[in-house]
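S.K.: Dumping the structure here so I can ask a few things about it.
The values are calculated or read from the model by the stated rules, or taken from the named source; none is laboratory data. Keep in mind that this is a model prediction, so the values were computed, not measured. Please note: Cβ atoms are built from the backbone with ideal geometry, for glycine as well, and neighbour counts cover all protein chains shown.
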Amino acid sequence: MENASKALIIAGAILLSILIIGLGMFIYQQAADVTDSANMDAQQVQAYNAEFLSYEGTQRGSAVATLINNVLSHNNLYVDDPSRQISVISGAAPENFDAPTDPVTRASINEVKDTVRSGYTYTVTFATDSQSGLITQVGIQRKTSSGN
């Protein structure tokens, strides 16, 4: 009887050890997934930015309105992650602009959108986050009739 109780204790200890090792592996995998999703490689950054970069430079007002609609849709996808949202400003975007920590409001983007007219041409510029390389801001500046 004494040998049987020792065998049960040993079997329980082995099962408990397997459970602890399994739990440790699960926690490690969860942490690895978080760090993998936080650090994007160059191809992922390029693919992320590609949707918007085709609008860079001189654009007609209708193309600028389409760009702003794309930004609004994009921000809706990342409503829970403000660092992936893109703001829109009137004027030229700076070269670097840190990722937002607060959500970008639809109203702030619509303010700029309301000033865009299809009969004009605009210069579209982009600001990127210096650490991630992701586009964080779109600058829209109307060109004057003299070409500026």
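S.K.: (1) surrounded by 13 or more Cβ atoms within 10 Å (Cβ to Cβ); (2) in contact with an Asp or Glu (Cβ under 8 Å, 6 or more places away or on another chain): which one isn't true of S130, the others all being true?
M.R.: (1)
S.K.: Further question on the same structure: In region 107-148, which residues are farther than 22 Å from Q59 by Cα and touching a helix residue (DSSP H, G or I) at 6+ places or on another chain (Cβ under 9 Å)?
M.R.: Answer for region 107-148, where residues must be farther than 22 Å from Q59 by Cα and touching a helix residue (DSSP H, G or I) at 6+ places or on another chain (Cβ under 9 Å): D129, S132, G133.
S.K.: Can you report the number of residues in region 86-102 which are within 17 Å of N75 (Cβ to Cβ) and either modelled with pLDDT of 90 or more or buried (at least 19 other Cβ atoms within 10 Å of the Cβ) (or both)?
M.R.: Filtering region 86-102 down to residues within 17 Å of N75 (Cβ to Cβ) leaves 86-89, 93, 97-102.
Subset that is either modelled with pLDDT of 90 or more or buried (at least 19 other Cβ atoms within 10 Å of the Cβ) (or both): 86-89, 93, 97, 99.
Of the residues in that region, 7 qualify.
S.K.: Let me ask something else about it. I want to confirm something. Restricting to region 54-82 and keeping residues that are touching a residue at least 40 places away in the same chain (Cβ under 8 Å) and out of contact with any helix residue (DSSP H, G or I) (no Cβ under 9 Å at 6 or more places or on another chain), which single residue is nearest to S130 (Cα to Cα)?
M.R.: Out of the qualifying residues, it is E56.
S.K.: Here is a follow-up. I'd like the full set of residues that are over 20 Å from V79 (Cα atoms) and in a strand (DSSP E or B), limited to region 128-148.
M.R.: Taking region 128-148 as the starting set, the residues that turn out to be over 20 Å from V79 (Cα atoms) are 130-131, 139-148.
Selection gives G139, I140, Q141, R142.
S.K.: In addition: Of all residues in region 122-141, how many are more than 15 Å from F52 (Cβ to Cβ) and either of a type outside the set (S, T, Y) or at pLDDT 95 or above (or both)?
M.R.: Selection size over region 122-141: 2.
Here's the yes/no breakdown for (1) assigned by TED's automatic domain parsing to the domain that holds I135; (2) closer than 22 Å to V124 by Cβ:
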{"residue": "L15", "(1), (2)": "no, no"}
{"residue": "L53", "(1), (2)": "yes, yes"}
{"residue": "S90", "(1), (2)": "yes, yes"}
{"residue": "P103", "(1), (2)": "yes, no"}
{"residue": "A107", "(1), (2)": "yes, yes"}
{"residue": "N110", "(1), (2)": "yes, yes"}
